[in-house]
Amino acid sequence: MKKQARITSKGQITIPLEVRRALGVGPGDQLLFEKGEEGMSVRPVRTESPFAKYRGIGHGGRTTGKQGILRRIRELRGE
């Protein structure tokens, strides 16, 4: 894949969509620029698992919907 980007007077660039998708990055993510023998490389900085943001979103085996909510309230009240 070959893509170009222009540097603004403030030193900013817009990374093409195809490159962002290939790197798996989005707003707020950090990129690391490394100079090697073959030139410069860019890779995302991963400090935690990309799946960490989804941890805990499951319902833990509880039923959902109105009946599930009412059942959970009764459980919490000790009924």
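Which count do you get for residues in region 1-20 that are among the aliphatic types (A, V, I, L, M), more than 17 Å from PHE33 (Cβ to Cβ) and not in a loop (DSSP other than H, G, I, E, B)?
Step one: list which residues in region 1-20 are among the aliphatic types (A, V, I, L, M), which gives 1, 5, 7, 13, 15, 17, 19.
Cutting the leftovers down to more than 17 Å from PHE33 (Cβ to Cβ) gives us 1, 17.
Next cut, not in a loop (DSSP other than H, G, I, E, B) only: 17.
Result for region 1-20: 1.
Which of the residues spanning region 37-51 are assigned to a strand (DSSP E or B) and among the polar types (S, T, N, Q)?
Restricting attention to region 37-51, the residues satisfying the condition of being assigned to a strand (DSSP E or B) are 39-44.
Matches in region 37-51: SER41 only.
Quick check on GLU34: is it at pLDDT 90 or above, of a type in the set (Asp, Glu), on the phi < 0 side of the Ramachandran plot and assigned to a strand (DSSP E or B)?
Considered against the rule, which asks whether it is at pLDDT 90 or above, of a type in the set (Asp, Glu), on the phi < 0 side of the Ramachandran plot and assigned to a strand (DSSP E or B), GLU34 comes out as yes.
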inquiry  = List pairs: first residue in region 1-15 and free of Cβ contacts under 8 Å to residues at least 40 places away in the same chain and surrounded by fewer than 10 Cβ atoms within 10 Å (Cβ to Cβ), second residue among the β-branched types (Val, Ile, Thr) and not in a loop (DSSP other than H, G, I, E, B) anywhere in the structure, Cβ distance under 8 angstrom, at least six positions apart or on different chains.
reply    = MET1/VAL19
ask   = Pick from region 55-69 the residues that are modelled with pLDDT of 75 or more and surrounded by fewer than 10 Cβ atoms within 10 Å (Cβ to Cβ): which of them is farthest from VAL19 (Cα to Cα)?
value = GLN67
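The values are calculated or read from the model by the stated rules, or taken from the named source; none is laboratory data. Not measured: the values here are computed from a predicted model. Don't worry about glycine lacking a Cβ; one is built from the backbone with ideal geometry, like all the others, and counts go over all protein chains shown.
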